[in-house]
Amino acid sequence: MPLSPIIGIDLGTTNSLAAWFAEDGPSLIPNATGAFLTPSAIAINDDKELLVGQAAKDRLVSHPATSTARFKRYMGTEHVVSLGKKTFRPEELSAFVLRSLKADAEAHLKQPVSQAVISVPAYFNDLQRKATIAAAQLAGLKVERLINEPTAAALAYGLHHRQDESTFLVVDLGGGTFDVSIVEMFSGVIEVRASSGDTFLGGEDFTDVLLTLLASDIGRDPDSLTKAEFSRLRALADEAKHKLSASNQAEVRYVLGEEEKQLRISLTRFEEATENLVSRMRAPLQRAMNDANLRSDQLSRIILVGGATRMPVIRSAVTKLFKKFPEHNLDPDHVVALGAAVQAGLASNHQALDDIVMTDVSPFTLGIDTSRHAGPDGQTQTGYFSPIIERNTVIPASRVERFHAMKSGQRQIEIKVFQGEAPRVHDNVFLGTLDVPIPVNMHANEEVDIRFTYDTSGMLEVLATVISNGQQKSFVIEGNPGALSQEEISQRLKELERIKVHPREEAENAGFVARIARGYENALGARRRRLSELLSQFEAVLARQNRKEIANVRQLMGDELDVLEKYDVY
Amino acid sequence: MSTDAFEVLGIGRDGATENDLKKAYAAKLKQTRPAQDREGFIELRDAYEKARQYIRNAKPPGNLVTSVKGSYKTDVDLEDEISNIIEIELNFLSSQILTSPAIRVLKKIEILVADPWQWQRMENWLQVLDDADLRTIDDLQEFDALLLSYICQESGVEERSNPLVKPWMSHQLIELFDRRFGWVRNSGSDFLQTRELDWFRSLNPVHMPPAFAASIVPSAQSNDVEPPASKTSDRPWFLGSPVILSVVFVVFKILMYHTPPSTSDVSGTWSIGHSAVVDGQGCQWVPKLPGQESRRIKIPCP
């Protein structure tokens, strides 16, 4: 075993988890409460301590002002979230989750962990990827590599079918993002042929649809709900969504004033309301098939990944589109983390993997801003995107294109680098700019070769060569406007260290208290009084600090809570 | 860099099949892992793609369905590629022509556009696009390609240098197509598709400024770089003028109220909404009307 293992992390919108490559293959790492999934939720408790995971998720209902979730959707933006008096950037919130996973891994592996392979949606752009790397740095982790989520899933599946010759489709619908990849396997090579996706389509959108349905059933407009009402109704919508994955009808209860209200949602109604979301899956699927130049009968398998693919509506939509039943042999919630661990094994040259190589593609086109002379009178039009590395090029890749100066006598060329598919640059993502001086030439337009070199972790190197004098100028795009610089990261790191983190060994107790508190919010009458009693009894036991006693009481109360929660209303 | 792709891969050029090539590539790849030897990998991958293209080009056309439309254009003779694609599409069409759901739905569209009272209603379009016949990804893909070609043909992609926008190709409809098929943001996966997508974009003034639309297929010399010029200076003075705006607005109103929609003749004197882009004679104005997105009105040259 290498001295310090590299761990694989699936940093999800709804849940996160870690895995490592053990002697006999990838293996999941349990968190402090013994579960594999750590909800991607952050809260600050009354003692100004930071909570991560299930405890924080439960507090979303009871303390919406000091807890937050789903911040992965803000990665790569300047959007800040306030928890009480403090505000946090999405990188910082993600860093808390990563830090908690790192602590779990260290406890599980009994050695320090400092490197990780972190999965990101294939369709994450450069800004979102850089934000993920910054989050890891804030959590004290060096990113060995970012891996695309569907690629990770393909690795986890590919491991079991090493010598297969097949082409398969990975459909990954997570909490917040939708990714599609087409993967070909031959002689131990796992080659991604095409990737496509939608970074704003996921299971959470289906929950939002249910929230709207429930709100209309109680005669409310979702926008008119208070933060507390909204959190309760959303937790209820989430519950209904899970029920609808197993049956044709979901019944949930909502407390309105001092009254309990029964709400019913049928599967048909849910399916009708989500038709629009389901049809948004079509375009990325079609595009990936197009780019890989395949028809559906050329796919040997379809693999479903991500918790949201548990919804029957997703499964039937995929089955209808491809006339083939999808597979889900591996738990859709675990497969990305397992694949990230396989990549971690590959990165540390694990001998069990020496007959496997994986190659991925750049899901976006990379190019520069150009102007064109167009029309009979030679008007200049600016802002055209000229691709240099086309989407779905196998990476690492290096491509060169030649460009001309606009006019004779021009002194410099400004290279503005963009990422995206739109023909006009302003619809694409701006990555960086480089000024290249060119010799003044009054007789001809100077020519410049621009070479892009894009590597597996998404670093782009730009090299410009002036043809007439051979002068070169290059730069590496690291920082982006809106992303954190290295100085900012180290400064924030200091600030974050000042925040008290709830002790890891206490996570289970904190989660238990949050669970009772959440139950209290949703209960009425006698049950509510009983929960209040349980809470004060448990806090009294906690104060005595006898671990054995705490564990015993937790066990006993847990059984009672299980019973009480059956009557849970929101 | 080594000159011969087959040499890099360590196999003979003669009689090599794509399968041999894959095996040779897989073996070399295990010694040249992308994360550990970047330069080596780039060279190997380059050689692999070149050799693969060589083998594919050497094959008789017709068996190429899975291979030609790939994205490895750099080393292919463009003409070869186009003729291959045309051949494939012809083969494909002849086998599908009687049974394909996509063709049946396209027929419905042809019927729809023939009736001005029907094509004006957006719900009719939605109904056709949501046709239950189009169920599988293959049907959808085929329909996508057929519809795009149909629109290009109808607007004169073969005969004209500028698109002739039929009245039924309303602004709203073009937007609907884009929402459904993502044509505006798609750069295309082969030469023909790219050309059709460029043409489609030029149907909608929002996606293409008039001067560029006047030379739809960019010339080889068009990849010029310069610091962005100020945009306003390129526009004729009258575009921003309120007087002209109101004149245009009045003309627009008159045309709206006095002329019934017609399918037969659009190239005549006028068309509204999203008219064809005119050549460089300057008969094209793009005023912003109150409450509407930018629209174009074509007025005969004096």
| query | Taking Cα pairs under 8 Å and at least six residues apart, what relative contact order does region A:274-365 come out at, in percent? | reply | 23 percent
| note | For A:K323, the net charge from surrounding residues (Cβ-Cβ under 9 Å; K, R +1; D, E -1) works out to +1
| query | About its Cα centre, how strong a charge dipole does chain A have in debye, to the nearest 20, once Lys and Arg get +1 and Asp and Glu get -1 at the Cβ? | reply | 720 debye
| said: Nearest 10 degrees is fine. How inclined is helix A:312-322 to the longest principal axis of chain A, computing both from alpha carbons? | reply: 30 degrees
| query | On a 0 to 90 degree scale, rounded to 10, what angle separates helix A:126-138 from the longest Cα axis of chain A? | reply | 50 degrees
| task | Give, in whole angstrom and from largest to smallest, the semi-axes √(5λ) of the equivalent ellipsoid of region A:8-65, with λ running over the eigenvalues of the Cα gyration tensor. | result | 27, 11, 8
| note | With Rg from the Cα atoms and Rh as the Kirkwood inverse mean 1/r over Cα pairs, chain A has an Rg/Rh of 1.01
| In square angstrom, rounded to the nearest 10, how much accessible surface does A:T380 have for a 1.4 Å probe? | 30 Å²
| query | Can you list the HN-Hα couplings for region B:33-43, worked out from phi with the Karplus curve (6.51, -1.76, 1.60; θ = phi - 60°), rounded to whole Hz and with x for Gly and Pro? | reply | 6, x, 6, 9, 9, 4, 4, x, 5, 4, 5
| query | Which links in A:K243/A:K323; A:K72/A:K130; B:K28/B:K50; A:K102/A:K142; A:K72/A:K142 stretch past 22 Å when you go from one Cα to the other? | reply | A:K243/A:K323
| field | Per-residue HN-Hα couplings for region A:37-48 [Karplus 6.51, -1.76, 1.60; θ = phi - 60°; Hz; x = Gly/Pro] | value | 8, 9, x, 7, 9, 10, 9, 10, 8, 5, 8, 6
| field | All Cα pairs of region A:329-482, percent lying beyond 27 Å | value | 38 percent
| query | Taking the Cα centre of region A:262-416 as the origin and placing charges on Cβ (Lys, Arg +1; Asp, Glu -1), which of A:Q351, A:L299, A:F322 is farthest toward the positive end of the dipole? | reply | A:F322
| query | How high is the relative contact order of chain A, given as a whole-number percent (alpha carbon pairs under 8 Å, six or more residues apart)? | reply | 15 percent
| request: Specify which residue in the list A:V97, A:N31, A:G84 is farthest towards the positive end of the charge dipole of region A:9-138, using unit charges on the beta carbon of Lys, Arg (+1) and Asp, Glu (-1), about the Cα centre. | output: A:G84
| request: Report, to the nearest 10°, how far helix A:547-565 tilts away from the longest principal axis of the Cα atoms in chain A, using its own Cα long axis and a range of 0 to 90°. | output: 90 degrees
| task | Would you mind estimating how fast region A:121-228 diffuses translationally, via Stokes-Einstein at 25 °C and 0.890 mPa s with the Kirkwood radius over Cα pairs, in µm²/s? | result | 148 µm²/s
| request: Keeping every protein chain in place, order B:R201, A:R162 by accessible area at 1.4 Å, biggest value first, i.e. largest first. | output: A:R162, B:R201
| request: Might you work out the accessible area of A:R528 for me, using a 1.4 Å probe with all protein chains in place, and round it to the nearest 10 Å²? | output: 70 Å²
| task | Name the long-range amide H neighbours of A:F200: under 5 Å, sequence gap of 5 or more, or other chain; modelled H, no Pro or chain starts. | result | A:F178
| query | Can you list residues whose amide H is under 5 Å from A:S16's amide H, if they're 5+ apart or on another chain and H is modeled 1.01 Å from N? | reply | A:T38, A:S40
| task | Provide the solvent-accessible area of A:E260, counting protein heavy atoms only and rolling a 1.4 Å probe, rounded to the nearest 10 Å². | result | 80 Å²
| remark: Candidate cut points under GluC sites (Glu not before Pro) in region B:125-184, DSSP loop plus at most 14 other Cβ atoms within 10 Å of their own Cβ, are B:E158, B:E159
| remark: Distance in Å, no decimals, from the C-alpha centre of region B:103-141 to the one of region A:133-150 is 47 Å
| request: With all distinct Cα pairs included, what does the Kirkwood hydrodynamic radius of region A:328-386 come out to in Å, to one decimal, could you say? | output: 16.1 Å
| query | Of A:G176, A:L201, A:L561, which is farthest on the positive side of the dipole of chain A, counting Cα position, with +1 on Lys and Arg Cβ, -1 on Asp and Glu Cβ, and the Cα centre as origin? | reply | A:L561
| Quick one: ranking A:W20, B:W183 by accessible area, 1.4 Å probe, largest first, what do you get? | A:W20, B:W183
| note | Diffing region A:243-256: the Karplus 3J(HN,Hα) column from phi (6.51, -1.76, 1.60, θ = phi - 60°), in whole Hz with x for Gly and Pro, holds 5, 6, 6, 10, 9, 7, 8, 10, 10, 9, 10, 10, 8, 10
| message | Check which residues have an amide H placed less than 5 Å from B:N162's amide H, if you skip close sequence neighbours. | response | none
| query | Across peptide A:285-296, what mean number of C-beta atoms from other chains lies inside 10 Å of a residue's C-beta? | reply | 6
| message | Just to confirm my numbers, what's the Cα centroid distance between region A:440-512 and region A:257-322 in Å? | response | 36 Å
| request: Give the ranking of B:F191, A:F200 by solvent-accessible surface, highest area first, calculated with a 1.4 Å probe. | output: A:F200, B:F191
| said: What's the magnitude of the charge dipole for region A:148-243 around its Cα centre, counting Lys and Arg as +1 and Asp and Glu as -1 at the beta-carbon? Answer in Debye, nearest 20. | reply: 280 debye
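The values are calculated or read from the model by the stated rules, or taken from the named source; none is laboratory data. Not measured: the values here are computed from a predicted model. Methodologically, a virtual Cβ is constructed for each residue, glycine included, from the backbone with ideal geometry; neighbour enumeration extends over all protein chains shown. Side chains included, ligands, DNA and RNA excluded: accessible areas come from the protein's heavy atoms. Shrake-Rupley method; radii C 1.70, N 1.55, O 1.52, S 1.80 Å.
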